[in-house]
Amino acid sequence: TRIMADRTGVALDTSKYADVQEKEYLSGSESDNEAFSDDELEEEIDQLVYRKKGKKNENPEKKSAKHARTNVNICTLTMANLVEEREQMTGDPKFCMHCGVIFNSYSHLSSTYEHHVESERSLVPAPPIHPALEEYAYDEQPKKIRDGDSYWTCEFCLGINIVDLEEEEIPRTSCMDYVAVPAPVVDDSDNYSNVVFCIDVSGSMCVTSELGSKVNLKGLQKREARNRRIRETQEEGIGDQYLPGQKRGVSFVSRLQCVQSAVEHQISKYQREHPDTHVGLVSFSNEVNLIGDGTQEQKIVRGDRLYSWEELQEIGNEFAINAPISTSSDILLEKLWELEENGATALGPALQLSIAIAGSKPGSQVILCTDGLANIGLGSLEGKESEYAPY
């Protein structure tokens with residue numbers, strides 16, 4: 001009540017407190033039990049306030065205000081400072097060795113041992129903000145500061161820190177930028193990305209579509225030479241290979257040939273526009289063939305490995321595409337047109353291996369070329385066609 005009277009400037013009759021000693025009142029003696037209740041105290045304060053303003057209390061039966069319970073587990077943190085240009089500080093930030101708080105614009109350096117520090121030690125200090133600081137947090141504070149030293153009394157834990165800061169290293173605003181870790185040095189020879197073409201060569205990729213006229217397709221000569229070798233191995237002639245009513249003098253293009261033409265176009269584009277890109281091939285049927293850039297030894301993954309996520313991931317991480325497309329394009333195109341259709345569709349394992357290979361470099365890509373449903377290895381949908389009809 002005395003405090004409120006002092007704040008409102010109202011002369012308060014303190015005769016009713018004459019029998020209460022000041023020392024007893026402040027220390028909380030038994031006489032406090034005879035003091036006003038909370039409601040009586042609030043009513044008297046209201047009367048004092050309205051008397052000061054010269055107004056009558058029009059609402060003597062004022063209801064107690066209700067406040068929402070505070071949730072101390074929620075805080076607001078604005079990120080606006082991250083997008084604004086700030087002064088960059090020289091040197092390193094100075095951390096309190098007891099709790100980890102950073103020396104800031106509200107901190108003060110002193111060269112003399114101020115007396116108030118001794119009284120602050122009686123307060124309960126803040127705990128360290130990181131377990132690594134616990135061994136220092138409760139160390140005995142220095143009894144005396146040496147001449148010439150500057151010290152900082154932490155605002156949070158009250159710990160004393162001996163600091164050595166130049167004038168330009170002292171923060172002047174509430175938000176400063178420090179360079180905690182220097183930017184990494186980028187080696188131009190390592191500044192590239194991977195592109196992996198994951199190509200389906202299962203049996204369904206041999207399905208053909210008829211073209212309107214006789215067209216000399218790329219890769220057709222190799223196919224005809226292969227067919228010729230097959231015919232020569234037969235003891236008896238295999239005869240006419242045309243179906244009844246089938247047109248003569250037309251060309252047929254398979255799904256794989258379409259994919260090969262599209263991939264060749266992309267390889268040429270990378271060679272022209274991004275010569276440092278590392279381009280590799282992965283083909284799959286009932287096994288997965290890691291062709292890479294064409295200059296390295298191929299690796300075939302088959303059998304039980306197609307069902308093991310850990311083994312596939314390990315194999316993909318160890319397989320690297322070494323040569324840039326500027327030097328590997330010719331051999332890579334040769335490997336591309338040697339692909340032949342055969343077998344089932346190990347789509348899942350091939351895709352995982354391709355991602356693992358490409359993932360060694362940021363910004364890399366995997367381009368999947370397929371026509372069918374995975375039916376062997378990880379992700380097989382064999383026997384589940386009705387469940388995945390849209391697929």
## Note on the structure
the stretch 271-391: relative contact order from alpha carbon pairs under 8 Å, six or more residues apart, as a whole percent, is 27 percent
### Query
Amide H to amide H, which residues 5 or more places from residue 365 or on other chains are under 5 Å from it, using H placed in the peptide plane?
194, 195, 196
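Can you order the peptides 75-83, 332-340, 309-317 by their average number of other Cβ atoms within 10 Å per residue, highest first?
Most protected by this proxy first, the peptides run 332-340, 309-317, 75-83.
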### Query
Taking the simple approach of a point 7 Å from Cα along Cα-to-Cβ for both residue 210 and residue 314, what is their distance in nm?
5.3 nm
## Note on the structure
With all protein chains in place and a 1.4 Å probe, residue 151 shows an accessible area in Å² (nearest 10) of 10 Å²
### Query
Tell me, what is the 1.4 Å probe accessible area of residue 39, in Å² to the nearest 10?
110 Å²
### Summary
Placing each pseudo-label 7 Å from Cα in the direction of the beta carbon, residue 225 and residue 180 end up separated by a distance in nanometres of 6.2 nm
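So for each of 261-270, 277-286 I average, over its residues, the number of other beta carbons within 10 Å; can you give me the resulting order with the highest mean first?
277-286, 261-270
Quickly rank 173-181, 97-105, 161-169 as a protection proxy: mean count of other C-beta atoms within 10 Å, highest first. It would help to have the intermediate numbers written out before the result.
On the way: 173-181: 10.6, 97-105: 17.9, 161-169: 12.1.
Highest mean packing first, the order is 97-105, 161-169, 173-181.
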### Message
From the phi angles alone, apply the Karplus equation (6.51, -1.76, 1.60; θ = phi - 60°) to the stretch 77-91 and give each ³J(HN,Hα) in whole Hz, x where the residue is Gly or Pro.
### Response
10, 7, 9, 4, 5, 6, 9, 9, 6, 10, 5, 8, 7, 8, x
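Would you mind calculating the gained length between residue 111 and residue 155 on full extension (0.36 nm times residue separation, minus the Cα-Cα distance), in nm to one decimal?
Working: separation 44, 0.36 × 44 = 15.84 nm, distance 1.70 nm.
Gain in length upon complete extension: 14.1 nm.
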### Query
Out of residues 5 or more away from residue 170 or on other chains, whose amide H comes under 5 Å of its own, with H placed 1.01 Å from N in the peptide plane?
none
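The values are calculated or read from the model by the stated rules, or taken from the named source; none is laboratory data. Quick caveat, the model's predicted, so the values are computed rather than measured. Ideal geometry is used to build each Cβ from the backbone, glycine not excepted, and the neighbour counts take in all protein chains shown. Keep in mind that these areas ignore ligands, DNA and RNA; they rest on the heavy atoms of the full protein, side chains included. Shrake-Rupley method; radii C 1.70, N 1.55, O 1.52, S 1.80 Å.
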